[in-house]
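The values are calculated or read from the model by the stated rules, or taken from the named source; none is laboratory data. Worth saying up front: this structure is predicted, and the values here are computed from it rather than measured. Please note: Cβ atoms are built from the backbone with ideal geometry, for glycine as well, and neighbour counts cover all protein chains shown.
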Amino acid sequence: MINYHPSIEILTDYAAGSLPLAHSLCVSTHLERCPECQQQIRKLEMLGSHLFDQAQTESRQLSNLKDSFFKNLAQQPSPKEDHKVSPQEDKSIRWDDYAIPRSLRQFITKSYDDLTWMRLSPSFKIATLYNEEGGAQIALTRVKAGAHMPTHTHTGDEITLVLEGAFSDESGIYRQGDFINRDASHKHKPIVTKDAECICLTVLDAPIEFTGWLTRLLNPIVRRYHPHSH
Amino acid sequence: MERAIQLPNDEQRVTDIYAVAQHRDQAALGRLFDHYVPKVRSFCLAAQPGANLMADDIAQEVMIRIWNKAHTYKPESASLNTWVFTLARNARIDYLRRNSRHQSDIDPEYLWEHVIDENADPFKDAQQKRDQERIQQGLDKLPPDQKQVLSKVYLEGKTHKEAAEELSLPLGTIKSRVRLALHKLTIYVKR
């Protein structure tokens with residue numbers, strides 16, 4: 001049961017195509033598991049199509065454009081069948097048996113284990129999937145069962161999407177598919193539930209800052225891996 | 001089964017899309033071109049006023065996608081207008097991504113294409129028809145300030161934050177206008 005969803009503003013920006021790609025990636029991953037939000041997107045796209053249909057059009061001659069389009073079309077290769085993998089295909093059997101969400105397959109082809117994980121503490125690892133130039137950092141965090149994540153604040157907005165396992169903090173418990181959006185003012189100390197490790201997709205608009213006395217030592221490392229500091 | 005709500009002209013276009021899919025009918029594609037290309041161009045010019053070359057490029061790209069993907073159009077999942085809107089939206093995102101100052105390697109193809117309702121629902125067609133009607137009728141009755149914000153987000157491609165900056169209004173005002181509008185259109189139901 002998914003309890004935490006993207007806000008209606010985020011869903012609207014996503015359906016309209018105005019949401020930054022990094023954030024859209026999190027929404028898309030959430031949607032794979034959330035029929036409820038899929039329904040909302042379906043309606044928001046309907047709304048988009050009505051606005052699209054009603055928009056003023058100019059009375060411009062488009063015959064040149066049409067001619068050149070049909071000329072180009074003649075040189076198009078014939079369409080191939082859509083051979084993109086579906087979410088359940090190509091799932092290699094392994095001990096962890098995690099299915100990689102379709103939206104993340106452009107970064108992870110086989111298994112979370114194939115990523116380059118950076119160990120920040122004995123129980124906490126992070127793997128960068130992509131650094132947008134001048135933008136957000138997209139990463140996976142992997143925390144052992146029952147472990148605390150270091151206390152941290154966000155210097156920018158952070159979106160977290162639970163891919164596997166569960167964690168809790170002062171405000172609640174978050175399970176697979178939950179979408180959590182935190183702003184810069186938030187300071188929290190998440191704990192992973194005892195039954196399984198927890199893997200999350202995170203998008204950071206700016207590096208997180210660890211506030212514990214010992215984990216503060218991690219800040220320069222975390223900053224070094226964030227695109228804003230390059 | 002009944003199809004998604006279509007006006008008579010829309011029915012002609014649905015026939016055309018089948019002709020494109022099944023018979024590679026270029027005359028049918030030409031009719032779709034005449035109808036949709038001006039709309040796609042306006043949609044692009046709303047986001048980047050004056051960028052006629054960009055609008056031409058994206059419009060042609062949308063027509064190529066219609067040609068190549070006509071066989072994937074499913075009337076029970078979306079009306080043809082909605083399908084073309086999503087193609088235009090995705091093509092615009094893709095164009096801006098490849099040509100912007102901050103290029104991104106995130107492939108948008110993976111982020112929107114899968115969004116289909118996979119739970120087969122026998123009432124889906126009727127439900128969809130009702131939703132379409134409600135949205136269409138509701139949209140005509142919205143106060144101009146609410147419609148303006150929706151246009152900024154959907155047509156001009158602005159986020160809520162950018163719309164607030166441009167209209168010199170607090171973000172909270174923009175959010176509440178969108179929420180009110182979506183509520184009236186019965187898109188947004190508070191959870």
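Residues of region B:155-191 that are under 21 Å from the mean Cα position of the chain (by Cα) and part of a loop (DSSP other than H, G, I, E, B): B:LEU155, B:GLU156, B:GLY157, B:LYS158, B:THR159, B:LEU185, B:THR186, B:ILE187, B:TYR188. Here A:ILE108, A:ILE126 are screened, and the one residue that is touching a residue at least 12 places away in the same chain (Cβ under 8 Å) and in a loop (DSSP other than H, G, I, E, B) is A:ILE108.
On the stretch given as region A:37-55, residues that are in contact with a Lys or Arg (Cβ under 8 Å, 6 or more places away or on another chain) and in contact (Cβ under 8 Å) with a residue 24 or more places away in the chain total 1. With the checklist (1) out of contact with any Pro (no Cβ under 9 Å at 6 or more places or on another chain); (2) free of Cβ contacts under 8 Å to residues at least 40 places away in the same chain in hand, flag the one item A:ASP157 doesn't pass. With (1) out of contact with any Pro (no Cβ under 9 Å at 6 or more places or on another chain); (2) free of Cβ contacts under 8 Å to residues at least 40 places away in the same chain applied to A:ASP157, the lone miss is (2). Take the conditions (1) assigned to a strand (DSSP E or B); (2) at pLDDT below 65; A:ILE180 misses just one of them, which is (2). Of the residues B:ASN68, B:ASN99, B:ASN81, the single one that is closer than 18 Å to B:SER42 by Cα and out of contact with any strand residue (DSSP E or B) (no Cβ under 9 Å at 6 or more places or on another chain) is B:ASN81. Scanning region A:1-37 for residues that are touching a His at 6+ places or on another chain (Cβ under 9 Å) and assigned to a helix (DSSP H, G or I) yields A:GLU9, A:ILE10, A:LEU11, A:THR12, A:ASP13, A:TYR14, A:SER28, A:HIS30, A:LEU31, A:GLU32, A:GLU36, A:CYS37. Within region A:48-69, the residues that satisfy the criterion of being out of contact with any Leu (no Cβ under 9 Å at 6 or more places or on another chain), at pLDDT below 90 and facing chain B (nearest Cβ under 7 Å) are A:GLN56, A:THR57, A:LEU62. The number of residues in region B:156-188 that are facing chain A (nearest Cβ under 8 Å) and basic (Lys, Arg) comes to 3.
Criterion first (facing chain A (nearest Cβ under 7 Å) and out of contact with any Ser or Thr (no Cβ under 7 Å at 6 or more places or on another chain)) does B:ARG65 satisfy it? Give the steps one after another, and end with the answer.
On the way: facing chain A (nearest Cβ under 7 Å): no; out of contact with any Ser or Thr (no Cβ under 7 Å at 6 or more places or on another chain): yes.
So B:ARG65 fails the test.
Could you go through region B:50-62 and let me know if any residue there is within 8 Å of chain A (Cβ to nearest Cβ) and either over 21 Å from A:LYS71 (Cα atoms) or surrounded by fewer than 19 Cβ atoms within 10 Å (Cβ to Cβ) (or both). Even if it seems obvious, please write down each step before you answer.
Kept after step one, since they are within 8 Å of chain A (Cβ to nearest Cβ), are these residues of region B:50-62: B:56, B:59-60.
Remaining after also requiring either over 21 Å from A:LYS71 (Cα atoms) or surrounded by fewer than 19 Cβ atoms within 10 Å (Cβ to Cβ) (or both): none.
No, every residue in region B:50-62 fails to be within 8 Å of chain A (Cβ to nearest Cβ) and either over 21 Å from A:LYS71 (Cα atoms) or surrounded by fewer than 19 Cβ atoms within 10 Å (Cβ to Cβ) (or both).
Of all residues in region B:28-53, which are modelled with pLDDT under 95 and aliphatic (A, V, I, L, M)? Once the filter is applied, which keeps residues that are modelled with pLDDT under 95 and aliphatic (A, V, I, L, M), region B:28-53 yields B:LEU45, B:ALA46, B:ALA47, B:ALA51, B:LEU53.
Could you check how many residues of region A:122-143 are crowded, with 16+ Cβ neighbours inside 10 Å, away from chain B (no Cβ under 14 Å) and either in contact with a Pro (Cβ under 6 Å, 6 or more places away or on another chain) or not hydrophobic (A, V, I, L, M, F, W, C) (or both)?
Here is the first cut: in region A:122-143, the ones crowded, with 16+ Cβ neighbours inside 10 Å are A:123-132, A:135-143.
This time we only want the ones that are away from chain B (no Cβ under 14 Å), so: A:123-127, A:140-143.
With either in contact with a Pro (Cβ under 6 Å, 6 or more places away or on another chain) or not hydrophobic (A, V, I, L, M, F, W, C) (or both) added as a condition, the list becomes A:123, A:125, A:141-142.
Looking only at that region, the number is 4.
Yes or no: A:ASP157 assigned by TED's automatic domain parsing to the domain that holds A:VAL203, surrounded by fewer than 21 Cβ atoms within 10 Å (Cβ to Cβ) and within 16 Å of the chain's Cα centre (by Cα)? Talk me through it step by step, then tell me what you get.
Values: assigned by TED's automatic domain parsing to the domain that holds A:VAL203: yes; surrounded by fewer than 21 Cβ atoms within 10 Å (Cβ to Cβ): yes; within 16 Å of the chain's Cα centre (by Cα): yes.
Taking the combined requirement at face value, the residue satisfies it.
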